[in-house]
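Please read the structure below before turning to the comments.
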Amino acid sequence: MPLTDAPRIMTARLGDPDSYTIERYLETGGYQALRKALTMTPAEVAAEVDAASLLGRGGAGFPAGRKWSMLKKDPVTSLVVNGDESEPATFKDHLLIERIPHQILEGVIISAYALQVTRAFVYVRGEFALGLERMEQALNDAYHHGAVGADIFSSGFSLDIVVHPGAGAYICGDETALLESLEGKRGFPRIKPPYYPAVIGLYHQPTVVNNVETMANIPWIVANGGAAFAALGAGRSCGTRMFALSGHVNRPGPYEVEMVKVSFRDLIYAEELGGGIRADRELKAFIPGGASSPWFGPEHLDLPLGQDEVGQAGSMLGSGSVVVMDSSTCPVRAAWRITKFFFRESCGQCTPCREGSGWLERILYRIENGGGREQDLDLLLDICDNISPGVHWPPEQTTICPLGPSIPPSIASSLLRFRDDYLVHIKDGGCPHG
Amino acid sequence: MSYFNATMTGRARQLVSLYPEPRSALVPLCHLAQEQDGWLTPEAMEEIAELVGVTPAEVRGTATFYDMLHTEPVGRYVVAVCTNIACLLDGAIELLAHAQERLGVPVGATTPDGLFTLEEAECLADCDHPPCVQVNHRFVRTTTAAAFDRLVEELSAGGHAEDIPAHGTLVRVRRSGGLRVDAGQIARERAAQEGSG
Amino acid sequence: MADPEPSIEPETDAVTFTLDGRQVSARKGELVISAAERAGVYIPRFCYHPRMEPVGMCRMCLVEVAGPRGASLQPACIITVDDGAEVSTTSPKVRKAQDGILEFLLINHPLDCPVCDKGGECPLQDQTLAYGPGESRFVEEKRHFAKPIAISDLVLLDRERCIQCARCTRFAEEIAGEAQIDFSGRGERVEVATFPARPFTSYFSGNTVQICPVGALTATPYRFTARPWDLDQVESTCTTCAFGCRVAVQSSANRLTRLLGLDAEPVNQGWLCDKGRFSFEAVNGDEVAAGPSDDTEAVTLGTHRPGEFAGEVAETASRVGRVTEPMLLDGERHVRVGWSEALAEAARRLEAIRIAHGPGAIAFIGGGRLTNEGAYAWTKLAKAVIGTDSVDAQPGDGLPADLVLSLPRATIAETCSAPVVLLFAGDVREELPVLFLRLRRAALDHKIRIVEVSPRATAMSEYAAVSLRVRPGDAPSVARALVGEPSSSPSHPAGPAFAPEQLERARTLLAAAAADGPPGTGVVVAFSRASLAEDPSVAATAVSTLALAWPGARFLPLLRRGNVQGALDMGMAPGVLPGRTSLDTGRDWFTDHWGSVPETRGRDATAALRSATESGPGAVRALVLLGCDPLEDFPDSDLAARALADAELVVAVAGHPGPALDHADVVLPVAVVHERPGTTTNIEGRVTRLGQKLAPPGLAWPDWTIASALSDELGYDLAIGSVGEIGEEIERVAPAYRGFAPGFLDQVSGHDGLVVPLGAADVPVVVPIDPIATPGVESVERQGAPPRVGLTEPLSRELLAALHPDERAEHAPPPLRRPAPASVTVPSPDHYSLRLVSTRRLYDHGAAMTGSPSLDRLVPAAEAVANPSELARLGVERGDRVRVSSPRGEVVLEARPDDGVPKGVLVVEFNLSEPTGGRKNAAASLIDATAVVNDVRLETL
Ligand SMILES: Cc1cc2nc3c(=O)[nH]c(=O)nc-3n(C[C@H](O)[C@H](O)[C@H](O)COP(=O)(O)O)c2cc1C
Ligand code: SF4
Ligand code: FES
């Protein structure tokens, strides 16, 4: 039960174990929004999405309507849906892909109609084997239902969708790396400029890339009107949003809540949400928006779950993953593991990211395992500085993609908050948490 | 001499036909080859190169970028234990250590009987069931050492055949519906591009 | 259709920006890194290479750019110059970033500079000294890889040294079009890799070694042979083929150690092929290193070739890699003699034959390996002193000189930007490799469209808009069809070689090339003698047909041999005189300058060799071989062998041993490329300087000196005392070279040469050298040679005008007139034979390859290549041995199906041996050079 009486746009269907089948989807009003959209002009559909003020749910939070309006409609365009979800502790798209693939597809078809593109690709993370099966099945069923393919519902609009499997590389979540990957190449993010796939994207043609959750919102927006969506939440953060809550809480899981109207404290402590910290321990820190966001402490608990609100407080909502660390947590170990993630997942193009991530990981590992030296703390920060000059928030990006500058925040913020923990490691020659 | 068997050849052709540019089928074809043999043999990579119009070096170069694509043989079951942040907070490192002990191989290695390959995974997006374990990319939600041991025993005894298909089998559902909306479309796009180029 | 955008003038194209506080102008859309470089500010970089697409990977080139949201660091190799931008390359933030990148690059880089080939010329080393931090803060373990692994026979890869700049992989994919190497892995484990058991066999692999900014890629021929600071360098031109790549030639202790490509905008743009790059080994030869040997000992010159008998080489201590001393044939053996004795003997016997049988009894064959000056001196000796016109620089493998010299010439730059290039040729990658790179890029960048007409599918076919197959003898009718003349389409029992739609598409493209102008405008015809098993008159007729129908077209002859264009320009062909003049029209002018010229037109190489096998009045009795071995160069080895055996006198001017030397009564050792100064002229007519890097080995003399001394011996003074003097004489008497003062080439803007006749479309462009585009060149230049960085002024109009002494023009003979198309009669094919095609291969048994140990092993065996259906008919599979027989001889080869070969045709590539090692030039033992086409039988064994 959400804390507000906002509609459950993402989660309404999840109670049913067969929510992924076309039968259940049709029974619960599936593809009605598409039928409605097809009675409107593409521009009218796009206008509803613009009015909804839907921020992209992939992490960067770019308004979907604005992105769509930037699409150059010439010569041939594609819509690409990002279901690569690999950001640590983010597990909402996984759920949506496995459980409501039709809702995603319906959003894709409507969006394609609004954008007047005739081909779309749904890029699904390779490790989601079940999700891929369900998505492929849903696509087959949608074709047979007449919702995809030639002359959709006799409207004259035609669309082909391809479900494309990833193969295990976090970087392919970055939209330009994803396009490279979709072209059958290594997932090397593309150099900028050009800045937007909407100008040069898939096959060097204009392309819109949107997140799976972003797409899954579209049917509701068309059915209920953009204004209804915009009425939810506050400020720039409209609608409801999926938050993936994990770590030391009693009830980890994905939760849909109305944006801004709910705070981190609600998310972590409310009975119907996180249910509080396990064994009633103290909150040590929490990561508000994925591995690349600076950590927050107890003083940030009352911040509302809003994009700008969190941004102004010095971190980000990112991909909507909140990781709770209680008083037993070793911050060095946590920072090391996050750094190790970036080290393993750096694509290897840019010198600072490729070399710097490994260097940082080795130093942190050394500190955690008793080989730390006092000068290591300054060294860590200086290496961070050489990856993202200034080590401030939001980070300065001098690499090709944002992965590089994603490395420093966990190190810098944990050092800022828990310098003493680091020093104890160095002095005692190991981790006090065992 | 073709690498893919008869059924797979048909699938391979269909995969290539789904995309405006053949190279886009490279990764899906690698998955297909792994479905046939469990890993990417040199012959597989050479045939994929031919199918999508690149060199074998490019197929190998691309495939080695991706963790799921193996250019060396792997065990029948690839066991992946996530140790990323959410799982780390819930005993993942300990479970991984246990797994190494139980299987008797370090991370990255395959048991001598060829049954298990152990991998340390990055976040698998199932963080509300930590520590997260996948076998052949199926979530098994085996979060304790005891449960892990039970699973290994069952797998060794040939269990779970239904829910955990052979390694490399990524999807068991094939695209059936909807051929390309308009087969002539690609040709026209190409011509238009050439004309403007 | 009206173009809404007015065409942009260079002036409106300029933008101004602030660079380190200074106002600098740049071209709109130019990259900051190159705009800064032209303004004299060098921004450090590793991955950026001016001839490849930027990838922005190394992040070394970060500069600070002021923007609406404050200054930020941006990669100068990616961002373009905006009008009014403010760029700092030296701010504290930039410095910090550069230090940081260098530190990152070094943490995993081995500290093995003292044993690294790149040590001393390594941008990483240099920049570390210039920008890097002092002492290492990296205490962790470095990344380890197995030390150097061979990725081909020529290239080694040390992955620990690699800095992941992607220059080599980009080169392979983007420039060479052969992605045999690619990155593999991800993140810190990204490494350059080949596919297992598929080495990096590209003809262009050496370029990756040259552009590798560290010592990760090294070349086996150079490895550990020298340290950069010991190297001495001259600029020169590669004459391995006739394309004329500019090179830096480096040596140490009178041995060549390395060739590096120079970035000559009009020609090679920095690249070289591996044959050109590594065949310097043949210049060194083993004799040079071995020192002088016993004087009295008889030596075998012809039959023992380096590496020929794998087992014996080690024992044969005096393996002969070069001809270094004059020799006379004494019975069966060659005996070393002094120059005066050798010259006197040659003169005495030549004079005797001339007196007894007339000057026409003496024929000169070869000349493509000479300098322009040498070619001129030998022509003057032959045509003015001896009085024979039987001089032919092309040993039966070229096209008629009067045709080649009379066609309106296209430059390489024009060819690479022509609306349509009609490639009436063989495989350009095999014949003129770097031209292939240029054309391939031009086609991919949509600068040109290619219509290919070739006897078999080539490396270029996939880049061609249309590619037509032509069977032996059919070229003239295809040419007529292309220009829209009625032509009986070539008929063949196996059916047409191409579909009518392809011909239609080719004609449409050709017709669309020019909206206005005379027919053929906008078309460049690049043509060659694609098959050596077909009489040159066939290709010549086709080309003349095109020329006649298309007065607006321009032509680029794809001659293959080193300086063959220069030799033809110097008159080394029957019926022509220096400066693209004919014997008839130039008679008076040259009689004034030379005293006399031959009475009648002489014989070409084929006719001369055939005549040498005949007796009777007027037959050829003496053959003078000028750096040419008919037994491997001439398409018909049976005829060549008989001619050499029957000739009364064979004089060989030779730098390298070859089988023909067995027949040479007099052997005169000649200095080869890199051993003598001079000039050379490439296929577009570009004259460039050849640098001398080594002293000639032993007693070898420069080519022109031998001609001059022999002339003295014959009692005539050629009146040439130096290369410079010959250059001046050429400028004075050779019409096409009018105004071409040799001194011009010494000016900076003349380094990359100038196209003759002057004033052709050519305006020289000197591009600044990016020191890390050509690492070795830069560091050597720092040792002394003048740097070319920053010198970008083109040759001034005034200078060009001054070079044109037009008053002499009136008296000079007019240029050659184009011969009218002949008609050739081709016998019709029968059902039992296949028509033989013999195309060229870059790696063959020529002296450049066999004399270079590193390259010699790469020469493949000859194969019998045919359409799969032809082989299927015989039940032959790939790799099966088959017998190929012609009236001339038979060879046993392995069969290879290739659906790029039309039915009814068999391809045996030229100058490759039987797989058993038997016949060295399998194709030449099948070919009858006096037949229009050659038919062969294919049988199973
Ligand atoms: C390193 C990196 C990883 C990313 N991973 C994902 C991802 O897994 N899923 C996703 O939707 N967006 C991801 N993004 C963001 C995408 O680049 C892109 O902004 C997003 O897909 C756009 O969709 P949206 O506008 O609907 O949010 C990632 C970005 C970066 C830099
Ligand atoms: S920042 Fe890292 S992940 Fe991003 S492109 Fe550069 S190396 Fe690759
Ligand atoms: S990033 Fe600009 S030179 Fe490498």
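The values are calculated or read from the model by the stated rules, or taken from the named source; none is laboratory data. Keep in mind the model is a prediction, meaning the values are calculated, not measured. As a convention, Cβ positions derive from the backbone with ideal geometry for all residues, glycine included, and neighbour counts pool all protein chains shown. Keep in mind that these areas ignore ligands, DNA and RNA; they rest on the heavy atoms of the full protein, side chains included. Shrake-Rupley method; radii C 1.70, N 1.55, O 1.52, S 1.80 Å.
Per-residue answers, yes or no, for (1) at the interface with chain A (Cβ under 7 Å from one of its Cβ atoms); (2) in contact with a Ser or Thr (Cβ under 6 Å, 6 or more places away or on another chain):
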site	(1), (2)
C:72	yes, no
C:80	no, no
C:84	no, no
C:88	no, no
C:92	no, no
C:98	no, no
C:102	no, yes
C:109	no, no
C:114	no, no
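Within the stretch C:674-692, can you find the residues that are in a loop (DSSP other than H, G, I, E, B) and open to solvent by 30 Å² or more (accessible area, probe 1.4 Å)?
Correct list: C:677, C:692.
Of all residues in the stretch B:99-128, count the ones that are facing chain A (nearest Cβ under 10 Å), touching a Phe, Trp or Tyr at 6+ places or on another chain (Cβ under 6 Å) and among the hydrophobic types (A, V, I, L, M, F, W, C).
Going through the stretch B:99-128 one residue at a time, the tally reaches 2.
A quick yes/no check of all residues on (1) within 21 Å of residue C:681 (Cα to Cα); (2) within 14 Å of chain B (Cβ to nearest Cβ); (3) surrounded by fewer than 24 Cβ atoms within 10 Å (Cβ to Cβ):
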residue: C:354; (1), (2), (3): no, no, yes
residue: C:363; (1), (2), (3): no, no, no
residue: C:388; (1), (2), (3): no, no, no
residue: C:391; (1), (2), (3): yes, no, no
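For the stretch A:192-213, what are the residues that are at negative phi, surrounded by fewer than 24 Cβ atoms within 10 Å (Cβ to Cβ) and either within 14 Å of chain B (Cβ to nearest Cβ) or at pLDDT 95 or above (or both)?
Correct list: A:200, A:205, A:206.
Within the stretch C:174-192, can you find the residues that are under 27 Å from the mean Cα position of the chain (by Cα), crowded, with 21+ Cβ neighbours inside 10 Å and more than 8 Å from chain B (Cβ to nearest Cβ)?
Within the stretch C:174-192, C:175, C:176 meet the criteria.
Of all residues in the stretch A:332-344 being surrounded by 24 or more Cβ atoms within 10 Å (Cβ to Cβ) and of a type outside the set (Phe, Trp, Tyr), which is farthest from ligand 2 (Cβ to nearest atom)?
Ranking the candidates gives A:332 first.
Identify all residues within the stretch B:55-82 that are within 7 Å of another protein chain (Cβ to nearest Cβ) and part of a loop (DSSP other than H, G, I, E, B); write none if there are none.
Scanning the stretch B:55-82 gives B:55, B:64, B:65, B:66, B:67, B:68, B:69.
For residues in the stretch A:170-191 being open to solvent by less than 30 Å² (accessible area, probe 1.4 Å) and β-branched (Val, Ile, Thr), which is nearest to residue C:79 (Cα to Cα)?
A:176
Before we move on, is residue A:351 surrounded by 24 or more Cβ atoms within 10 Å (Cβ to Cβ) and more than 7 Å from chain C (Cβ to nearest Cβ)?
no
Could you check, for the stretch B:26-41, whether at least one of its residues is within 14 Å of chain C (Cβ to nearest Cβ), free of Cβ contacts under 8 Å to residues at least 24 places away in the same chain and not hydrophobic (A, V, I, L, M, F, W, C)?
Taking every residue of the stretch B:26-41 in turn, none turns out to be within 14 Å of chain C (Cβ to nearest Cβ), free of Cβ contacts under 8 Å to residues at least 24 places away in the same chain and not hydrophobic (A, V, I, L, M, F, W, C).
As an exercise: evaluate residue A:253 against (1) free of Cβ contacts under 8 Å to residues at least 40 places away in the same chain; (2) within 12 Å of chain B (Cβ to nearest Cβ); (3) under 16 Å from residue A:57 (Cβ atoms) and give the number of the one condition it does not meet.
Unmet for residue A:253, out of (1) free of Cβ contacts under 8 Å to residues at least 40 places away in the same chain; (2) within 12 Å of chain B (Cβ to nearest Cβ); (3) under 16 Å from residue A:57 (Cβ atoms): (3).
Restricting to the stretch A:290-306, count the residues that are outside any loop (DSSP other than H, G, I, E, B) and open to solvent by less than 10 Å² (accessible area, probe 1.4 Å).
1
Go through A:298, A:304 for me and flag whichever is without any contact (Cβ under 8 Å) to a residue 24 or more places away in the chain and in contact with a strand residue (DSSP E or B) (Cβ under 6 Å, 6 or more places away or on another chain).
Exactly one of A:298, A:304 is without any contact (Cβ under 8 Å) to a residue 24 or more places away in the chain and in contact with a strand residue (DSSP E or B) (Cβ under 6 Å, 6 or more places away or on another chain), namely A:298.
Restricting to the stretch C:116-137, name every residue that is without any contact (Cβ under 8 Å) to a residue 60 or more places away in the chain and within 14 Å of chain A (Cβ to nearest Cβ).
C:128, C:132, C:133, C:135, C:136, C:137
Return the only residue of C:622, C:647, C:643, C:652 being without any contact (Cβ under 8 Å) to a residue 40 or more places away in the chain, touching a helix residue (DSSP H, G or I) at 6+ places or on another chain (Cβ under 6 Å), of a type outside the set (Ser, Thr, Tyr) and under 23 Å from residue C:376 (Cβ atoms).
Within the list C:622, C:647, C:643, C:652, the selection yields C:652.
Report yes if residue C:147 is more than 8 Å from chain A (Cβ to nearest Cβ), part of a loop (DSSP other than H, G, I, E, B) and modelled with pLDDT of 85 or more, otherwise no.
Here the answer is no, as residue C:147 does not meet what is asked.
Return the residues of the stretch B:44-60 that are of a type in the set (D, E, K, R) and over 17 Å from residue C:201 (Cβ atoms); say none if nothing qualifies.
Selection gives B:47, B:50.
If you scan the stretch C:895-937, which residues turn out to be open to solvent by 10 Å² or more (accessible area, probe 1.4 Å), in a strand (DSSP E or B) and not β-branched (Val, Ile, Thr)?
C:896, C:897, C:935, C:937
Being part of a loop (DSSP other than H, G, I, E, B) and farther than 21 Å from residue A:381 by Cα is the filter here, so list the residues in the stretch A:317-347 that pass it.
A:317, A:318, A:319, A:320, A:327, A:328, A:329, A:347
Which of the residues belonging to the stretch A:354-363 are open to solvent by 10 Å² or more (accessible area, probe 1.4 Å) and within 16 Å of ligand 3 (Cβ to nearest atom)?
The answer is none; no residue qualifies.
Only one of (1) within 14 Å of another protein chain (Cβ to nearest Cβ); (2) in a helix (DSSP H, G or I); (3) not aromatic (Phe, Trp, Tyr) fails for residue B:131. Which number is that?
With respect to (1) within 14 Å of another protein chain (Cβ to nearest Cβ); (2) in a helix (DSSP H, G or I); (3) not aromatic (Phe, Trp, Tyr), residue B:131 is out only on (2).
Pick out, from the stretch C:358-470, the helices (runs of 4 or more DSSP H) lying fully within it that include 2 or more residues that are closer than 20 Å to residue C:550 by Cβ.
C:401-406, C:412-415
Can you find a residue that is touching a residue at least 12 places away in the same chain (Cβ under 8 Å), within 10 Å of another protein chain (Cβ to nearest Cβ) and crowded, with 23+ Cβ neighbours inside 10 Å anywhere in the stretch A:52-62?
So far as the stretch A:52-62 goes, no, none of its residues is touching a residue at least 12 places away in the same chain (Cβ under 8 Å), within 10 Å of another protein chain (Cβ to nearest Cβ) and crowded, with 23+ Cβ neighbours inside 10 Å.
Which of the strands (runs of 3 or more DSSP E) found entirely inside the stretch C:15-123 contain at least 3 residues meeting this: closer than 30 Å to residue C:258 by Cβ and within 16 Å of ligand 2 (Cβ to nearest atom)?
In the stretch C:15-123, no matching strands (runs of 3 or more DSSP E) lie anywhere.
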